[in-house]
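Structure first, commentary second.
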Amino acid sequence: MRYRKYLAIFSLALATAIQAQEASALSCPYLVTAALASLESSFHEPIKQALMPLIYNPQELSVEDLNHENSPVNMKFGTRLGYGLYGSVYPVEQITGIPILEKLVADGNLLAKLPHRWDMTKALLPRREMAAQAEGQLNNLYKSNLSSIEADKEFPTNAAWERGTLPSVPILYSLKSEAGTIHFKFKVKGMGIEKIKEKYHPTKIEDLPPEMFKSIKDIYDFAEAAFRQNELHNPGQARRLDINPTNLVWIEDPVELKRLSMNKPGFILFEIGEQFSNVDFTYQEYLKTFMNFLQQQKSQP
Ligand SMILES: Nc1ncnc2c1ncn2[C@@H]1O[C@H](COP(=O)(O)OP(=O)(O)O)[C@@H](O)[C@H]1O
Ligand SMILES: [Mg+2]
């Protein structure tokens with residue numbers, strides 16, 4: 001009993017410290033000392049690891065679709081597939097209330113990304129709902145600027161994803177609810193950074209297959225082209241795409257390639273998100289960061 005009290009006090013202190021740390025990281029960009037650290041997850045990994053035990057991990061959820069009055073949505077989830085700093089993703093095992101998603105559930109292909117909430121209070125963590133809404137808005141922004149991004153001189157030639165599509169898992173439906181904005185996507189079959197590490201045990205970037213190496217450059221070039229064009233459309237407002245390696249997934253399964261409109265194996269992004277510090281970095285720096293991830297990344301659930 002006594003220990004429980006100490007545990008609660010300790011958890012509260014940790015949660016407060018994490019909140020303060022995140023707030024100060026946001027308002028003090030000078031804390032980010034190197035371009036490499038600007039890739040969000042290398043900077044945030046320790047915060048993320050400390051945070052996760054305090055995050056609500058639901059098995060089911062009943063909410064209102066706030067965009068449609070009197071529309072209850074009930075969901076049942078499987079075991080959490082992954083998480084980032086902003087949200088956790090779950091396979092959806094049952095859903096009622098959103099007819100267009102019901103077929104995908106039956107095929108076992110649907111996934112929901114929930115913004116993080118505190119386990120103790122069920123309140124959304126600061127900035128998570130903003131990030132979830134931003135993900136939807138960014139998808140729209142990138143889609144509407146796509147033809148000029150494709151015409152930019154930095155845009156890659158012979159990339160794996162087809163023209164007219166984004167190199168990312170598409171959002172199928174965004175549910176605005178009292179539990180935050182929940183994005184539904186395909187559950188993709190591919191190799192994330194952890195699996196790549198297990199398969200290749202690379203000690204240098206050349207240990208990866210050449211087509212993977214080329215695809216890393218394509219993603220980097222896409223981010224460069226997108227930043228340049230978004231900046232032209234909205235001077236001073238554009239932020240860089242978050243291409244940190246935990247956001248990349250290698251797709252090679254033929255059925256998956258077809259479903260994602262890809263013409264050959266390649267990397268795409270789990271999400272269209274913004275880079276935390278908006279710092280520019282060269283392709284060489286990006287490769288170096290990629291290698292750091294391949295050598296240090298810890299396991300996700
Ligand atoms: N469509 C998907 N299919 C399979 N796994 C996914 C999918 N989307 C995300 N994940 C897993 O969840 C993790 C976090 O997802 P992400 O969208 O990057 O969240 P965050 O915004 O919190 O970084 C990914 O690194 C990946 O492991
Ligand atoms: Mg992510």
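Looking across the stretch 246-256 at every residue that is under 23 Å from Thr157 (Cβ atoms) and crowded, with 21+ Cβ neighbours inside 10 Å, the one that is farthest from ligand 1 (Cβ to nearest atom) is identified as Trp250. Here Thr79 passes the criteria (1) out of contact with any helix residue (DSSP H, G or I) (no Cβ under 8 Å at 6 or more places or on another chain); (2) surrounded by 14 or more Cβ atoms within 10 Å (Cβ to Cβ) except the one numbered (2).
Each row is one residue, and each column tells you yes or no for (1) modelled with pLDDT of 95 or more; (2) out of contact with any helix residue (DSSP H, G or I) (no Cβ under 6 Å at 6 or more places or on another chain).
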| residue | (1), (2) |
| --- | --- |
| His116 | yes, no |
| Glu135 | yes, yes |
| Leu166 | yes, no |
| Lys176 | yes, yes |
| Ile182 | yes, yes |
| Ile193 | no, no |
| Glu198 | no, yes |
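Within the stretch 85-131, track down each residue that is β-branched (Val, Ile, Thr) and away from ligand 2 (no atom under 16 Å from the Cβ).
Step one: filter the stretch 85-131 for residues β-branched (Val, Ile, Thr), giving 89, 92, 95-96, 98, 100, 105, 121.
Residues satisfying the conditions are Val92, Ile95, Thr96, Ile98, Ile100, Val105, Thr121.
Residues in the stretch 227-243 that are crowded, with 21+ Cβ neighbours inside 10 Å, over 16 Å from the mean Cα position of the chain (by Cα) and closer than 15 Å to Phe281 by Cβ: 0 in all.
Rundown of residues vs (1) in contact with a Gly (Cβ under 9 Å, 6 or more places away or on another chain); (2) among the hydrophobic types (A, V, I, L, M, F, W, C), yes/no style:
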{"position": "Asn109", "(1), (2)": "no, no"}
{"position": "Arg117", "(1), (2)": "yes, no"}
{"position": "Leu125", "(1), (2)": "no, yes"}
{"position": "Ala134", "(1), (2)": "yes, yes"}
{"position": "Leu138", "(1), (2)": "yes, yes"}
{"position": "Leu141", "(1), (2)": "no, yes"}
{"position": "Lys153", "(1), (2)": "no, no"}
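Residues satisfying the criterion are absent from the stretch 127-145 (criterion: part of a strand (DSSP E or B), closer than 28 Å to Gln275 by Cβ and not β-branched (Val, Ile, Thr)). Counting only strands (runs of 3 or more DSSP E) wholly contained in the stretch 169-268, the ones carrying 3 or more residues that are within 16 Å of ligand 2 (Cβ to nearest atom) and of a type outside the set (Gly, Ala, Ser) occupy 180-186, 248-251. Among the conditions (1) in contact with a His (Cβ under 8 Å, 6 or more places away or on another chain); (2) away from ligand 2 (no atom under 16 Å from the Cβ), Phe276 misses just one, which is (2).
Restricting the stretch 53-84 to residues that are of a type in the set (Gly, Ala, Ser) and within 16 Å of ligand 2 (Cβ to nearest atom) leaves a set whose member that is nearest to Trp118 (Cα to Cα) is Gly84. Any chance you could count how many residues in the stretch 271-294 are closer than 18 Å to Asp207 by Cα and either over 19 Å from the mean Cα position of the chain (by Cα) or surrounded by fewer than 20 Cβ atoms within 10 Å (Cβ to Cβ) (or both)? Qualifying residue count, the stretch 271-294: 7.
Being touching a residue at least 12 places away in the same chain (Cβ under 8 Å) and touching a helix residue (DSSP H, G or I) at 6+ places or on another chain (Cβ under 8 Å) is a property that Ile205 has. The residue that is nearest to ligand 1 (Cβ to nearest atom), counting only those in the stretch 74-114 that are aliphatic (A, V, I, L, M) and assigned to a helix (DSSP H, G or I), is Leu104.
The values are calculated or read from the model by the stated rules, or taken from the named source; none is laboratory data. All values derive from a computational prediction rather than experimental measurement. We place every Cβ from the backbone using ideal geometry, glycine too, and count neighbours over all the protein chains shown.
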